[in-house]
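These notes concern the structure reproduced below.
The values are calculated or read from the model by the stated rules, or taken from the named source; none is laboratory data. Computed from a predicted model, the values in this text were never measured in an experiment. Note that each Cβ is placed from the backbone with ideal geometry, even for glycine, and that neighbours are counted across all protein chains shown.
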Amino acid sequence: MRLFLTFVAAATVLAGWQDASVKDRVRGVRDLAKQGPGAIPRLEPYLADQDAEVRWEAVKAIAELGTQRCLDPLIKATADAEAGIRTRAVDGIVNFYIPGYLKTGLSGSLKRATSSLKSRFTDTNTLLIDAHVSVRPEAIAALGKMAREGADMESRANAARATGILRGRAALEDLYEALRSKNSLVLYESLIAIQKIRDVESGPKIQYLLRDLHDSVQIAAIETTGILGNRAAIPDLRELVERARNVKVQRAVVAALAMMPEEQNRGLYLKYLEQKDEGLRGAAAEGLGRLKNMADVPLLERAFETEKHMGARLSLAFAMVMLGRTELSEFSPLQYLVNTLNSRSYQDSAEPLLVELGRDGAVRKALYPAIRQLQATKEEKMRLARVFGQTGDKETLGVLETLKDDTDAEVAAEGSKAARNIAARLP
């Protein structure tokens, strides 16, 4: 066995190693990988092997080692001729910045270099690196190039997804080019990436997709338009809301209009607040809240008290806090939002609403006691830390100190991460 390992270690300098069987070369790669990160320089030459399965084992091993030294070979592997290898390289790059991504990324279930990538994508695409994380420019450039001109649509879509997760602002022009592909999967992932990067100048560049014939693409374009605040698209959205081909599209349009509050849309918000569909009522409520017309307070209070569906009730609570109900008491709207952080079904809805509310200094200060209370749950502490990490200032750093010393290691880690995110944002 020792002789075999010696032979493998010398493979990078022996031209005859390529004459060994594919099975032996694969075994050699696996044995090298067991030696840890120090073996990466000796694994890298296998990325140029003539056999795809050997290259697959090499990129798989390098990605799983996951150290700084893995990035250069993984960036090179994004140009491989085999789709599965390119995809594993992309997922490996993301995995370096978000450990564990290899298990959940597109390549996580691939067993071979030639495994089919089709039908492996899901709509769950909310992952995003923390603000304090800095990504190598070469990695973003490689992902952008692949999204723009990759050899197959699945790999291009996966590269676009990775670009968004890593906040690849430098690859925006590549994503705009990817939108010309006419492939719905590439279009969808590119739009979500643009949405995550949040460059407001992207809004007009995706406006033509508001009428795309594919539901997921159209909805992504509508949502992105609202998030980026492209007010030039408001007339298009007002026209679309009446002609939406299904309620999912209609919800997206009302939600996008709600993100860009204008007095001329108040009548539309009031109309959809009375609809049977919970999503439409919720979006309309958020629009009224952002509009901040105090005349709407009694209406929203009555709706909050009578609403039976939790999703719409969360939106109504958000609207009432927007309109000044910032007290944190047993039955207050703000406490309702905090309590919902414990709900597995709705915590992912409550958290972004609290992030938006927390950008207001008065609301953020009102939330500080929620994280200090003895009865505060683990979920409340962790998710409020994330809220403060995105919205906090110097004063918030002092509040987070209580979490950094928490007896629960996960809570303490979340508190420390939130503090780093704030520090990265402060001048």
Exercise for review: Please give the number of the condition D49 fails out of (1) modelled with pLDDT of 95 or more; (2) in contact with a Lys or Arg (Cβ under 7 Å, 6 or more places away or on another chain).
Suggested key: (1)
Practice item. For G398, state whether it is over 29 Å from K292 (Cβ atoms), without any contact (Cβ under 8 Å) to a residue 12 or more places away in the chain and assigned to a helix (DSSP H, G or I). Key: yes
Practice item. Working carefully through the options A413, A362, find the one that is more than 24 Å from A319 (Cβ to Cβ) and over 18 Å from the mean Cα position of the chain (by Cα). Key: A413
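For segment 331-348, give me each residue that is part of a loop (DSSP other than H, G, I, E, B) and either within 26 Å of the chain's Cα centre (by Cα) or under 15 Å from E380 (Cα atoms) (or both).
Start the filter on segment 331-348 by keeping residues that are part of a loop (DSSP other than H, G, I, E, B), which leaves 331-332, 343-346.
Hits for segment 331-348 are S343, R344, S345, Y346.
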Review point. Are any residues in segment 352-368 acidic (D, E) and surrounded by fewer than 19 Cβ atoms within 10 Å (Cβ to Cβ), and if so, which ones?
Key: D360
Study note, to complete from the structure: Note on segment 255-267: residues touching a helix residue (DSSP H, G or I) at 6+ places or on another chain (Cβ under 9 Å) and either closer than 17 Å to N293 by Cβ or without any contact (Cβ under 8 Å) to a residue 24 or more places away in the chain (or both) are L257, A258, M259, M260, P261, E262, E263, Q264, N265, R266
Point to revise | Hits in segment 133-155 - residues which are surrounded by 24 or more Cβ atoms within 10 Å (Cβ to Cβ) and free of Cβ contacts under 8 Å to residues at least 40 places away in the same chain | key: G144
Check your understanding: Out of T67, T87, which single residue is crowded, with 22+ Cβ neighbours inside 10 Å, of a type in the set (S, T, Y) and out of contact with any Gly (no Cβ under 6 Å at 6 or more places or on another chain)?
Key -> T87
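Of all residues in segment 299-330, which are polar (S, T, N, Q), surrounded by fewer than 17 Cβ atoms within 10 Å (Cβ to Cβ) and either assigned to a helix (DSSP H, G or I) or at pLDDT 95 or above (or both)? Break it down into steps so the answer makes sense when it comes.
Let us first name the residues in segment 299-330 that are polar (S, T, N, Q), namely 306, 315, 326, 329.
With surrounded by fewer than 17 Cβ atoms within 10 Å (Cβ to Cβ) added as a condition, the list becomes 306, 329.
The one that is polar (S, T, N, Q), surrounded by fewer than 17 Cβ atoms within 10 Å (Cβ to Cβ) and either assigned to a helix (DSSP H, G or I) or at pLDDT 95 or above (or both): T306.
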Check your understanding: Hey, among A419, A385, which residue is over 21 Å from K196 (Cβ atoms), assigned to a helix (DSSP H, G or I) and either out of contact with any strand residue (DSSP E or B) (no Cβ under 8 Å at 6 or more places or on another chain) or among the aliphatic types (A, V, I, L, M) (or both)?
Key -> A419
Check your understanding: In this structure, is R290 within 25 Å of the chain's Cα centre (by Cα), over 18 Å from I219 (Cα atoms), part of a helix (DSSP H, G or I) and of a type in the set (D, E, K, R)?
Key -> yes
Review point. When you scan segment 406-415, how many residues do you find that are buried (at least 16 other Cβ atoms within 10 Å of the Cβ) and over 13 Å from L384 (Cβ atoms)?
Key: 1
Exercise for review: Specify the residue that is nearest to V338 (Cα to Cα); the eligible residues are those in segment 369-405 that are surrounded by 19 or more Cβ atoms within 10 Å (Cβ to Cβ) and of a type in the set (S, T, Y).
Suggested key: T391
Revision key, fill the gap. When restricted to G289, G282, G267, the only residue under 17 Å from E239 (Cβ atoms) and not acidic (D, E) is G267
